[in-house]
Amino acid sequence: MGRMNFQSLVEPDRVHKSVYTDQKIFDAEMENIFEKVWVYCGHESQIPNTGDYYAVTIGRQPMMMVRAADGSINVLHNRCPHRGVQLVGNLKGNTGGAFVCSYHAWSFHLDGKVRAIPLARGYEGTAMNKSNPDCNVKRAARVDSYRGFVFASLAAEGPTLPEFLGDARIAFDDMCDRSPLGEVEVVPHCHRMIQQSNWKFFMENQLDALHPSVTHQSTGISAGRVEKRIKEQNGSAPLHYHYLSTFASSFEQWDSVQTINFPRGHGILKAYMGLRPKDPDTLEYEALLQKAYGEAKTEEYLSRSIHHVLVYPYLSVQSPLQQLRCLRPISPDKTLSEIWHFRLKGAPEAIYRRSLWYYNLVNSPATMINADDLENWTKAQWGLTSNGGDWVSFHRNYGDDRVENGVSYSNHGTSEVVMRSQFQAWTKYMHGDAA
Ligand code: FES
Ligand SMILES: [Fe+2]
């Protein structure tokens, strides 16, 4: 593909609709962004034993993360070096001590090195022998992990994982620090769903504080009515009613929640939900944290102002409730999303149940929250495919945000600085100068 001029599609306060609909632009995104940046593969607790593997898509590449005998984690292309057959056909499993190709039984160690080529005499005198690296399964250029979260990059050059994550590292620190043992463990099943819309809608929507009081109003108001009735009857209502009723907060409340927007497109939506009730479960949990970390650290950990953290271009981590949503784009108008949640190691079961309630009530595709968002994004995709207009507006509060050291802080929670900032990062990536 010839070099496209992405600059003409992205203005400081609006973008051309084609960035959401055009196949060539999508392909360029895969090449310049997803197949270069550090992409989240999964949590190390998804593959606890030697030979455990989990298939994962990085950009357009079918890959797999696998646990080796020495405990290290490898990320390999899911492709046999002989004639190209995929080595694993399942999403996850255990391959034992080696991968054995189902076509001609070439086998490979868990780090991708060829182990055996059956009937080797047929290769005598050819280039294909065990010492030729072309006989090994190709590995991701780089693999690293942060607090148990495993990432891979298909580019040999570029920022390190800590550099790439930058201030968004707080997502993983905040999640793990909430465990008395400083670690989380994946709940081994996720919701896996295809959004009928471009991946960027999801990323924009995560920090769009203007839409909840509109899109989620009916759910918020209904939940609020039930919550009030239960409170009147029992003195208090379970926390999960609050998860839903806060969506009906007033515009002024939403506008007072700040967004922080980092140069690589990462971002933070500050907290707006009260998550520290004074019930016995919470008090027991907080006592465990105090025992582990002391009072000051516990206070620091529990009072961070985070609703969720974005790792651009594909991750939304809701650390206070141990949720993680990861995007795997498929085409301009199709995006696979994985919705995971985690257990805080060493925390009481009730704290896990709380996270599960959130997972099922808000983040599951079957809820009235996520489903209403999905409908908006699908309709956005349809709208932008039409001839009804060429531009998408991000003018809200333009020029009214505070910028310090390349970080934009919104003065209004509902400012469209989120989208403006994400597209600045997007343009840099697309021109190959985001290092
Ligand atoms: S394609 Fe894998 S062994 Fe032949
Ligand atoms: Fe929403």
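None of the figures in this text is laboratory data; all of them are computed from the coordinates on show. Since we're looking at a predicted model, the values are computed, not measured. For neighbour counting, all protein chains shown are included, and Cβ atoms are generated from backbone atoms with ideal geometry for every residue, glycine included.
Quick look at the numbers
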{"read-out": "Net +/- balance of residues flanking H395 in space, Cβ distance below 12 Å, scoring K and R +1, D and E -1", "value": "-1"}
{"read-out": "Table column - 3J(HN,Hα) (Hz), region 83-97, Karplus curve with 6.51, -1.76, 1.60, x for Gly and Pro", "value": "10, x, 5, 5, 7, 10, x, 9, 5, 7, x, 10, 9, x, x"}
{"read-out": "Fewest-first sequence of L239, L275 by Cβ atoms within 10 Å of each Cβ", "value": "L275, L239"}
{"read-out": "Relative contact order %, the chain, counting alpha carbon pairs below 8 Å whose residues are six or more apart", "value": "20 percent"}
{"read-out": "Dipole of the chain, positive end: most advanced residue of F99, F26, Y243 [Cβ charges, Cα centre]", "value": "F99"}
{"read-out": "Mean Cα-pair separation over length for region 196-274, i.e. relative contact order, pairs under 8 Å, 6 or more apart, %", "value": "31 percent"}
{"read-out": "Region 14-117, Cα convex hull volume normalised per residue, Å³", "value": "124 Å³"}
{"read-out": "Rounded to 10°, Cα long-axis angle of helix 280-293 versus longest principal axis of the chain", "value": "60 degrees"}
{"read-out": "Residues whose placed amide H lies under 5 Å from that of S197, excluding near-sequence neighbours", "value": "K334, T335"}
{"read-out": "Order of S8, S218, S316 - criterion: other Cβ atoms within 10 Å of each residue's Cβ, fewest first", "value": "S8, S218, S316"}
{"read-out": "Relative contact order (percent, whole number), region 232-370, Cα cutoff 8 Å, 6+ residue spacing", "value": "20 percent"}
{"read-out": "Cα-centre dipole for region 128-192 with unit charges at Cβ (Lys and Arg positive, Asp and Glu negative), debye to 20", "value": "420 debye"}
{"read-out": "Whole-angstrom gap from region 103-178 to region 319-367, using each part's C-alpha centre", "value": "27 Å"}
{"read-out": "Check: the chain dipole with +1 on Lys, Arg Cβ and -1 on Asp, Glu Cβ, in debye", "value": "1160 debye"}
{"read-out": "Spatial separation of Cα centroids for region 227-261 and region 18-81, in angstrom", "value": "37 Å"}
{"read-out": "Helix axis angle, 217-234 relative to the chain longest principal axis, alpha carbon, degrees", "value": "60 degrees"}
{"read-out": "Given charges at beta-carbon only (K, R positive; D, E negative), |dipole| of region 319-363 in Debye", "value": "120 debye"}
{"read-out": "Cα convex hull of region 215-302, projected area averaged across orientations, nm²", "value": "8.1 nm²"}
{"read-out": "Calculated P(r) tail over 23 Å for region 290-435, as whole % of Cα pairs", "value": "54 percent"}
{"read-out": "Listed residues S131, C176, T160: farthest to the positive end of the dipole of region 80-212 (Cβ charges)", "value": "S131"}
{"read-out": "Note, ³J(HN,Hα) from phi for region 327-336, Karplus 6.51, -1.76, 1.60, rounded to Hz, x at Gly and Pro", "value": "9, 10, x, 10, 7, x, 10, 9, 9, 7"}
{"read-out": "For the chain, alpha-carbon Rg relative to the globular expectation (2.2 N^0.38 Å, N residues)", "value": "1.05"}
{"read-out": "Cα-based helix-to-principal-axis angle, 368-385 vs the chain, degrees rounded to 10", "value": "70 degrees"}
{"read-out": "Order of K297, K270, K17 - criterion: other Cβ atoms within 10 Å of each residue's Cβ, fewest first", "value": "K297, K270, K17"}
{"read-out": "Per-residue ³J(HN,Hα) for region 60-70, Karplus 6.51 cos²θ - 1.76 cosθ + 1.60, θ = phi - 60°, Hz, x for Gly and Pro", "value": "9, 9, x, 10, 8, 9, 9, 8, 8, 5, 7"}
{"read-out": "Per-residue [θ]222 nm for the chain (sum of -39500 (n - 2.57) over DSSP H runs n ≥ 4, rounded to 500)", "value": "-8500 deg cm²/dmol"}
{"read-out": "Pairs beyond 24 Å (Cα-Cα), from K200/K270; K36/K428; K231/K278; K92/K200; K138/K428; K138/K200", "value": "K92/K200; K138/K428; K138/K200"}
{"read-out": "Local electrostatic count, P48, Cβ distance below 15 Å [Lys/Arg +1, Asp/Glu -1]", "value": "-1"}
{"read-out": "Cut-off of 10 Å, at most 14 other beta carbons, DSSP loop: longest stretch of the chain lacking such GluC sites (Glu not before Pro)", "value": "158-435"}
